[in-house]
Amino acid sequence: MTSELDIFVGNTTLIDEDVYRLWLDGYSVSDAVALRVRSGILEQTGATAAVLQSDTMDHYRTFHMLERLLHAPPKLLHQLIFQIPPSRQALLIERYYAFDEAFVREVLGKKLSKGTKKDLDDISTKTGITLKSCRRQFDNFKRVFKVVEEMRGSLVDNIQQHFLLSDRLSRDYAAIVFFANNRFETGKKKLQYLSFGDFAFCAELMIQNWTLGAVGEAPTDPDSQVDDMDVDLDKEFLQDLKELKVLVADKDLLDLHKSLVCTTLRGKLSIFSEMEANFKNLSRGLVNVAAKLTHSKDVRDLFVDLVEKFVEPCRSDHWPLNDVRLFLNQYSASVHSLDGFRHQALWDRYMGTLRGCLLRLYHD
Amino acid sequence: MPGKLKVKIVAGRHLPVMDRASDLTDAFVEVKFGNTTFKTDVYLKSLNPQWNSEWFKFEVDDEDLQDEPLQITVLDHDTYSANDAIGKVYIDIDPLLYSEAATVISGWFPIYDTIHGIRGEINVIVKVDLFNDLNRFRQSSCGVKFFCTTSIPKCYRAVIIHGFVEELVVNEDPEYQWIDRIRTPRASNEARQRLISLMSGELQRKIGLKVLEMRGNAVVGYLQCFDLEGESGLVVRAIGTACTLDKLSSPAAFLPACNSPSKEMKEIPFNEDPNPNTHSSGPSTPLKNQTYSFSPSKSYSRQSSSSDTDLSLTPKTAPSPQGPRIYLCPSSPPLSCGSLHLKKSCLLLSDSSLAPHHCSLGSPVLRKSVSFSEELFLAASGMGSGSAGKEGGPFKALLRQQTQSALEQREFPFFTLTVFPPGFLVHVGGVVSARSVKLLDRIHNPDEPETRDAWWAEIRQEIKSHAKALGCHAVVGYSESTSICEEVCILSASGTAAVLNPRFLQDGTVEGCLEQRLEENLPVGCGFCHIPYDELNMPFPAHLTYCYNCRKQKVPDVLFTTIDLPTDAMVIGKGCLIQARLCRLKKKAQAEANATAISNLLPFMEYEVHTQLMNKLKLKGMNALFGLRIQITVGENMLMGLASATGVYLAALPAPGGIQIAGKTPNDGSYEQHISHMQKKINDTIAKNRELYEINPPEISEEVIGSPIPEPRQRSRLLRSQSESSDEVTELDLSHGKKDAFVLEIDDTDALEDVHSLLTDVPPPPGFYSCNTEIMPGINNWTSEIQMFTSVRVIRLSSLNLTNQALNKNFNDLCENLLKSLYFKLRSMIPCCLCHVNFTVSLPEDELIQVTVTAVAITFDKNQALQTTKAHIEKSLQRASADTEELLQFPLELCSDSLPSHPFPPAKAVTVEKANPMGEGNFRNRSAPPCASSTVGVVKMTPLSFIPGAKITKYLGIINMFFIRETTSLREEGGVSGFLHAFIAEVFAMVRAHVAALGGNAVVSYIMKQCVFMENPNKNQAQCLINVSGDAVVFVRESDLEVASVQQPTANCQPLCAGGEVTT
């Protein structure tokens, strides 16, 4: 006696959260059954393994059919085939678009093209996440990217509107899209200590301050016809950043800057002498990073540069985080007192974001 | 030109990409009704076209309005080649034709294609302007309401229940006509869908005409079925109960004026012969007196009968050229076939002395030694039933004659209802059923009397005569079904023989009700159990005892019925689903030989199914079955029998005796031991089941039963053991043997199997109950959480040396595993009850068995349940003592006629609490309603006639839909399971969309009548046909009603429920 066909269809679609998780994690039916057996469900319910197998198959089939709709979540809301309560719909979508930290760190900032997809095998081996799950996560990234890439308006809002994700998840996706678009390098060895959260934090700051969208929202220019885009960095801004070079190129300015910072911070930092000794190097590093951003190659290396030029020197001198904060605040603020420097607004736009990023990146 | 149909195509959404190059679609819509077609403009390059068309107007006859579906086809415009069809929507506009139902159909409909399934949605608005037509000879029956619900719909009152209506329509099956030609399957399947839609429209119209002739205005319990006879064509047939319904303005008006079922019996003088004109069922009035015209031997024909010889009688006319037209069969059956029928069935009877009397389930004492003389006896009593019983008292005779007068001029006094207005059902005799094996041949000449119609008429006659044999004049809970395999067809009909109250069957009811007198104090809640037949002339051997409730009338020891549990029935404990499952191997044979083989097997099948049912019932410690449905399915090399019913313990019936096992070789020591071990196991199971289902009937001493005036000492005797008392009871019942004499003889492996299979049925896990009736006795505190589902399983048998035993085991496992799966899947709903569990078996191929289950899971409140249980135990104790009080008061009551208004009817308190599915408990412990969906309105579906915790405010019309889905890429669609899963989900979606478009939010009495699945894995192909129906309704949550009016009366129509609830 073999079961040829075995289905269960409810008027309200039954969703088992545990099975959904197993499905999302890319387990095969037999693996999922084995895992469910291990969870002790048979003892709890008095069911047999055959029942579990049939139940798992049913859920997998349902999820498979739902997957097409999950690719465009608003369709899930409007479709008529599956009657699912709204709270469950939200859960289905949220879980489907959720991703693993380990996975996202592997692909963050990479080009979301087919070429990368071939690397999914390697990622799967490396992270222990099933290839299936890697595929889903990668495809999610790519899908969201494609939909919002060319779209005007707030990146987060666009994602939320087209994929009906929670605020938290929409922000994460905004970061992923932003990183993929700008191809920031995140995979270098020295960046391994950084979490997705660190990058997402930086991405959010950059989107808020460094993109075209940030300009469009400026109150000085309400009728801006500029593409209101959050995905691309403001090219003009990047060009302008060259002007900051004067801060390190002009020796007087550099010295003045240093003395302003040192005067204020004297006695306030535990690593004052190290700071004093390193000031010019650090400042040069930070300003040069800005000046280089005109080249897209250098944009990609932004995080590598920041870590190399700032985080690592500070860390090797064992700066406490609080001292880093005090230093960066003072370093940014002091520029306002440099009479010869005319790019205060530019500096603030640059340094305001960079300060936030650096503080986030500064940890072990 | 009495009607104008107006259609507007608004928009489409989620259309499929038809142009690969642009990833877009240039869609337009064709709207077709009858022979008229309109087209919208092409909406270029969009997957979400906004046509916003003008109003397309069709000026049509109302006849066409009833027959034709509105066809909407969505196409992709193609400049260079033929336009590609995206899909279709069929809209049945019937709901717009009666005044009280929907006024407009408007909403998003899934666009359906037989190959691709649902492909986007289309927004359509449909309206109908009807002009009054007073033409007496009109062919339409607009305005007759149809209900699938097998009870009087909730917001209506039955003025008259006219009776049985039936009709059938035949046609060539386009699938078979076209099979040899070069064609795309889609074209033929679409033609098939269209044809069936057309045929069912026509059928409904014709049934409607019959209803109008009977002066009714509605059909209740409408059941329409398709017989896909293959080469010989397509038969669409329907049965129903014609009624005159009144819309209720408030539910309170539904409360009938009288409480006792039999009060006004005598009031209607029996010479008040109802006017034949008002009651004639269609054109068949000449048959008015035929019930008396049977020859005595006719009643032998209850044996499932006739086969090959019948065939020779069917008219073999030369095939005449015929187009795909539709022909109506005359509804009056030719009676000439009677003689042949008789001959054949006598023959059958004589060569099977083991033949069980399967019609007389009323008290199925199914011992293997059913003798021929008993059969004769039954025949005699069947004839004599008109002549009133001596012992049964003059009342019974009177009643019988009266009902007779009301019913007998009807051709078939059948009712498809399973739930009745209070007082309608007087007595229940038992299950009557008839089967007949037929050979299908091509429907050659539709102008000749239709053979299909004659076949059914024959079966119905048989049913009618069985009912007579049981002293009954009506059959309730009546249904018909077929099972077809190749050219052999088994026709089955079954129902419950009953005596009805004529009040509902004729005009002038209200007056009759008002001036009623109490003739007999038939206590509410047990009257229907009292035997309708004559005690001394019993149609079959049965153990009769005095009713355990009123102690005045005789009751059988076991009662089998096809109806739902009457709302006023007194039940102890909870009920449970009981199934008998059986397979029999059959040699492969052709045509007549095959038909003979099948008809030879049938009696044995029936016998065994009933034995199983009886054993399982006893094992559960219960004494009555409701909702019994026995399905016999024929396959190439086997027959399957599946009987489902809900077992209960009726307080009025005696406690069931145990099951005794007897061995053949008593001297063998180890064998003895084995036997006694088995016996112990069985006894343990019975005890366990009694506990599980809370069956603890009050102990009753024999004195109580013996005499109406109890001894004062009797209270002290209340704790006597059950076995003791029941033995004594039977001793009093002198004419019959010991009741406990239900003996299973283990004399061969077969019987051993039986016992094993008895014990292998696993009870549902804790927190789960199941039944196949509408409501579960003992559970009343339903929450609003319901989940309707369909589950399908197909197993492949290993073809190697299959034996009957192995087959039985496979089938049993299949059903049990299916149930287990359901319990597991629905575990989050615990505590919950699976209601209306409907199993269907089919044998699509040689080694395939397909089981389809549709049911609804309803959560109930556990805390409430516990309270109820406690209260119940207390009450049953209370009752035991109260019973004696009642008896003491009895003589008083007899004089004062005050029983119904008894201030504290103890028995009633128990029942009402159970019978009320939407009791007050709901108001307190309702779970919060789920937040409303933002875009798509939730449409509930349920096979029940009600929605827990809600009140149905409007019936919008019948939903009757037929779909075919096919694929040539089975593997790609996830194999057979993926294919069918998607299809059933799509069917649900289309039903919901239609209901929503009618303005409804639920389908009640939903049923999946057919799910025919065929596959050809080698060709990577599969095909499935599904037919569903139900009633679209609008319901309002009781919580919302409460807000609207504090004075909301309880949303049901039981008498005296207020009194009952005070005591809970």
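The values are calculated or read from the model by the stated rules, or taken from the named source; none is laboratory data. Because the structure is predicted, anything quoted here is derived from the model rather than measured. Backbone-built Cβ (ideal geometry, glycine too); neighbour counts: all protein chains shown.
If you take the residues in segment B:1023-1040 that are farther than 26 Å from B:VAL792 by Cβ and not polar (S, T, N, Q), which one is surrounded by the most Cβ atoms within 10 Å (Cβ to Cβ)?
Across segment B:1023-1040, the extreme among qualifying residues is B:VAL1033.
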Scan segment A:25-34 for residues that are of a type outside the set (S, T, N, Q), closer than 26 Å to A:ASP139 by Cα and away from every other protein chain (no Cβ under 14 Å) and report the count.
5
Any residue in segment A:113-120 that is in a helix (DSSP H, G or I) and either touching a His at 6+ places or on another chain (Cβ under 8 Å) or facing chain B (nearest Cβ under 10 Å) (or both)?
no
Reported set for segment B:107-129 where residues are farther than 19 Å from B:LYS32 by Cβ, touching a helix residue (DSSP H, G or I) at 6+ places or on another chain (Cβ under 7 Å) and more than 11 Å from chain A (Cβ to nearest Cβ) is B:ILE115
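Here is a yes/no grid of residues against (1) touching an Asp or Glu at 6+ places or on another chain (Cβ under 7 Å); (2) in the same structural domain as A:LEU244 (by the TED database); (3) surrounded by 15 or more Cβ atoms within 10 Å (Cβ to Cβ):
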site	(1), (2), (3)
A:GLY267	no, yes, no
A:ILE271	yes, yes, yes
A:ALA277	no, yes, no
A:VAL289	yes, yes, yes
A:PHE303	yes, yes, yes
A:VAL307	no, yes, yes
A:PHE310	no, yes, yes
A:SER316	no, yes, no
A:PRO320	no, yes, no
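Look at A:ASP198 and say whether it is modelled with pLDDT of 85 or more, charged (D, E, K, R) and in the same structural domain as A:LEU306 (by the TED database).
Details: modelled with pLDDT of 85 or more: yes; charged (D, E, K, R): yes; in the same structural domain as A:LEU306 (by the TED database): no.
In short, no.
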Over segment B:93-108, the set of residues under 30 Å from the mean Cα position of the chain (by Cα) and modelled with pLDDT of 90 or more is B:ILE105
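Within segment B:91-126, which residues are part of a strand (DSSP E or B) and of a type in the set (Gly, Ala, Ser)?
Let us first name the residues in segment B:91-126 that are part of a strand (DSSP E or B), namely B:91, B:105-113, B:117-126.
Those that are part of a strand (DSSP E or B) and of a type in the set (Gly, Ala, Ser): B:SER106, B:GLY107, B:GLY117, B:GLY120.
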Tally the residues that are more than 7 Å from chain A (Cβ to nearest Cβ), within 21 Å of A:ILE7 (Cβ to Cβ), crowded, with 22+ Cβ neighbours inside 10 Å and not aliphatic (A, V, I, L, M), restricting the search to segment B:782-827.
2
Can you tell me which residues in segment A:43-65 are in a helix (DSSP H, G or I), within 10 Å of chain B (Cβ to nearest Cβ) and not polar (S, T, N, Q)?
A:ALA50, A:VAL51, A:LEU52, A:ASP55, A:MET57, A:ASP58, A:HIS59, A:TYR60, A:ARG61, A:HIS64, A:MET65
All conditions in (1) assigned to a loop (DSSP other than H, G, I, E, B); (2) within 36 Å of the chain's Cα centre (by Cα) are true of B:ALA82 except (2)
Can you tell me which residue within segment A:145-188, out of those that are buried (at least 17 other Cβ atoms within 10 Å of the Cβ) and acidic (Asp, Glu), is modelled with the highest pLDDT?
A:ASP172
Going by the conditions given, is A:LEU77 more than 9 Å from every other protein chain (Cβ to nearest Cβ) and part of a helix (DSSP H, G or I)?
no
Exactly one of A:GLY352, A:GLY356 is in contact (Cβ under 8 Å) with a residue 24 or more places away in the chain, part of a helix (DSSP H, G or I) and closer than 16 Å to A:PHE237 by Cα, and that residue is A:GLY352
Is it true that some residue in segment A:15-24 is facing chain B (nearest Cβ under 7 Å), under 28 Å from B:GLY107 (Cβ atoms), touching a Lys or Arg at 6+ places or on another chain (Cβ under 9 Å) and not in a strand (DSSP E or B)?
no
Just for segment A:235-290: of the residues that are closer than 25 Å to A:ILE207 by Cα and basic (Lys, Arg), which one is modelled with the lowest pLDDT?
A:LYS235
For segment B:639-672, name all the residues that are surrounded by fewer than 23 Cβ atoms within 10 Å (Cβ to Cβ) and either at pLDDT 80 or above or closer than 30 Å to B:PRO844 by Cβ (or both).
B:LEU642
Yes or no: segment A:52-63 includes at least one residue that is more than 31 Å from the chain's Cα centre (by Cα), among the polar types (S, T, N, Q) and surrounded by fewer than 22 Cβ atoms within 10 Å (Cβ to Cβ).
yes
Of the numbered conditions (1) at the interface with chain B (Cβ under 7 Å from one of its Cβ atoms); (2) buried (at least 18 other Cβ atoms within 10 Å of the Cβ), A:PHE99 satisfies every one except a single condition; which is it?
(1)
Got a sec? Which of A:GLN137, A:GLN89 is within 14 Å of another protein chain (Cβ to nearest Cβ), touching a helix residue (DSSP H, G or I) at 6+ places or on another chain (Cβ under 8 Å), part of a helix (DSSP H, G or I) and buried (at least 18 other Cβ atoms within 10 Å of the Cβ)?
A:GLN89
From A:ASP255, A:ASP339, A:ASP305, A:ASP298, which residue is part of a loop (DSSP other than H, G, I, E, B), charged (D, E, K, R) and without any contact (Cβ under 8 Å) to a residue 24 or more places away in the chain?
A:ASP339
